[in-house]
1. State whether one or more residues within segment 421-431 are open to solvent by 10 Å² or more (accessible area, probe 1.4 Å), in a loop (DSSP other than H, G, I, E, B) and either under 14 Å from VAL399 (Cβ atoms) or in contact with a helix residue (DSSP H, G or I) (Cβ under 9 Å, 6 or more places away or on another chain) (or both).
2. I'm checking my understanding of the structure. Among residues of segment 346-355 that are part of a loop (DSSP other than H, G, I, E, B) and under 23 Å from the mean Cα position of the chain (by Cα), which one is surrounded by the most Cβ atoms within 10 Å (Cβ to Cβ)?
3. Please specify each residue of segment 164-193 satisfying the condition of being loosely packed, with under 14 Cβ neighbours inside 10 Å, of a type in the set (A, V, I, L, M, F, W, C) and in a helix (DSSP H, G or I).
4. Looking at the structure I just gave you, is LEU154 hydrophobic (A, V, I, L, M, F, W, C), under 26 Å from LEU283 (Cβ atoms), modelled with pLDDT of 90 or more and not in a loop (DSSP other than H, G, I, E, B)?
5. Take SER314 and decide whether it is modelled with pLDDT of 95 or more, among the hydroxyl-bearing types (Ser, Thr, Tyr) and within 24 Å of LYS124 (Cβ to Cβ).
6. When MET158 is evaluated against the numbered criteria (1) over 18 Å from TYR348 (Cβ atoms); (2) surrounded by 16 or more Cβ atoms within 10 Å (Cβ to Cβ), which criterion, by number, is the only one it fails?
7. Of the conditions (1) acidic (Asp, Glu); (2) at pLDDT 95 or above; (3) under 20 Å from the mean Cα position of the chain (by Cα), GLU285 clears all except one; give me its number.
8. Just to be sure I understand, how many residues within segment 416-459 are over 25 Å from GLY83 (Cα atoms) and of a type in the set (Phe, Trp, Tyr)?
Amino acid sequence: MNAEEFRVYGKQMIDYICDYGNTIEERDVAPTVDPGFLRQLLPDEAPQKGEDFKRMLEDVEHNIMPNMVHWNHPRFFAYFPSGNSYPSILGDMLSSAIGSIGFSWASSPAATELEAIVLDWYAKALDLPAFFRTDYAYGSGGGVLQGSASEGVLVCMMAARARAIKALKGDNHEVHDSVYLPQLVAYASKEAHSSIEKAAKMAIVQLRVLETDSHGVFRGKTLQEAIERDLERGLTPFFVVATVGTTSACVFDNLVEIGEVCKKVPSIWFHVDGAYAGNSFILPEMRRFKNGLEHADSFNTNPNKLLLTNFDCSAMWVKDVKLLTTALAVDPLYLQHDHRGAVDFRHYGIALSRRFRALKLWFVFRTYGIIGLQRYIRNHIALAKRFESLVMLDDRFEVRNDVNLGLVCFRLKRHDCINRDLLARINHSKKFHMTPAMVGGKYIIRFCVTYEHATPEHIDYAWEEIKNFAEETLAAEDGGKVDKQPISKKVPKKLTRSMSTRFSFTRSVSREIYERQNSRSQLTDGATPIVIIDTDEILQNLQRASSRVNGSDRPSNQVELYETDSTDEASN
């Protein structure tokens with residue numbers, strides 16, 4: 001393909017992308033295909049001769065697009081926003097065209113310096129502590145763009161580990177660093193992201209998963225007690241993670257309390273994970289949640305979640321850059337250069353090769369401006385509050401989280417199995433896509449505003465359809481009656497067992513496996529299935545069948561299963 005052909009095909013691709021964005025609402029939000037479906041649609045081998053571009057686009061439209069989950073769809077309410085926009089796409093296109101491998105200043109001076117400048121812009125927009133910026137005269141901090149928040153937390157944990165081991169070794173340089181690994185302990189709450197657990201596995205250190213308060217908030221007292229116990233055992237606390245905007249319910253940990261505890265222990269590196277909600281600090285009214293961030297050693301947030309910048313792009317700031325470079329620097333001769341004082345981002349992360357990610361973030365900031373980005377996030381908050389108010393007007397439902405940003409956790413005031421069926425019906429319809437979580441011991445449905453151009457009409461339509469699905473679910477469960485209101489249409493069938501677990505993102509296991517799995521410290525990430533006890537489900541089905549045979553609406557011992565106060569902590 002030469003330049004002129006690229007010009008023609010490039011315009012066709014731009015047209016296709018624009019048409020995709022303009023007509024995305026006409027597509028199903030998500031497919032219902034099974035693993036291996038695409039192999040049946042495509043040839044077994046690559047073509048011997050090049051094919052026509054038009055045919056490639058046709059294959060994309062017929063084979064790929066119908067089987068994608070469309071994260072930018074107006075009725076996609078799952079996970080968190082995917083953070084995309086036309087300025088970001090254009091910046092990514094230019095980055096791909098330049099093809100820079102910006103591992104050092106010498107390999108790409110403009111790419112390196114733009115990244116530092118844009119991250120200083122970003123830090124100022126979020127009102128982060130000044131020590132995180134490269135332009136702060138009295139500090140040694142700075143920012144870097146990683147591929148994901150998971151990379152960011154791993155890098156910070158490795159830097160913290162190196163610092164702690166150096167202090168433990170002292171002058172004993174002959175002892176290998178690995179000798180000290182069993183002594184190191186990291187801490188996070190049970191609501192922290194699974195990337196923390198993964199980082200601890202990769203760093204070969206212990207991770208303490210601690211309880212939260214009744215609102216899901218990680219508190220200083222809990223951390224203090226855990227640290228004191230480990231210090232008494234002769235262990236070394238070296239890393240603490242707090243979260244602003246947890247995956248399950250967008251809870252903000254108490255940074256003030258946790259920070260106060262961390263600063264008392266010199267060996268601790270305090271990291272704040274703000275992958276989603278950290279971006280909300282661009283709004284002055286949300287900055288109350290960042291009180292205590294002045295105690296942090298590092299902070300990360302993802303513009304590819306809530307700042308209209310497409311994946312991958314994860315911002316990370318550290319208070320002391322030298323601690324990163326000390327832990328991660330490897331400097332072979334062929335990568336060295338004479339530009340003293342220049343930043344080499346290869347020392348700030350895992351990979352040597354780096355994409356020119358700063359370009360798309362620069363395009364987004366310049367196109368929308370701070371005011372435009374604030375308007376976008378405020379709209380998400382307003383729409384989430386609108387959905388919350390609609391849920392609360394219907395006494396069959398409840399809201400299970402404090403709605404501070406774009407996420408509403410809601411459920412029917414019924415047993416978990418009914419809420420699983422409700423979500424399964426919603427997702428199986430292909431009209432919407434939502435995901436679950438466990439909040440306060442209850443299975444809930446997460447409704448997250450994600451669409452850039454979302455309107456009140458999108459929210460109202462979603463709620464009306466959710467109520468329809470709820471009536472179907474309750475009718476299938478209660479033999480045609482919903483809260484004593486007759487249903488004129490045909491009574492819907494209950495979903496099959498496999499459909500219910502698949503589209504409600506659950507996985508049935510035996511009680512033995514369930515108890516064994518939950519005896520370990522495991523963190524969630526909002527993407528893995530929720531594990532339920534298979535034997536309990538079977539028992540409930542038998543009870544319902546028995547009640548119908550005996551001619552009663554439900555057995556007396558089933559009142560607890562279906563009419564419990566939904567604020568109880570028990571579930572399943």
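The values are calculated or read from the model by the stated rules, or taken from the named source; none is laboratory data. Because the structure is a prediction, the values reported are computed rather than measured. Here the Cβ positions follow ideal geometry from the backbone for every residue, glycine too, while neighbour counts run over all protein chains shown. Quick note on the areas: whole protein, heavy atoms, side chains included, nothing else; ligands and nucleic acids left out. Shrake-Rupley method; radii C 1.70, N 1.55, O 1.52, S 1.80 Å.
1. yes
2. The residue in question is ARG354.
3. Within segment 164-193, ALA167, VAL179 meet the criteria.
4. no
5. No; evaluated as a whole, the condition is false for this residue.
6. With (1) over 18 Å from TYR348 (Cβ atoms); (2) surrounded by 16 or more Cβ atoms within 10 Å (Cβ to Cβ) applied to MET158, the lone miss is (1).
7. It fails just one condition, (3).
8. 1
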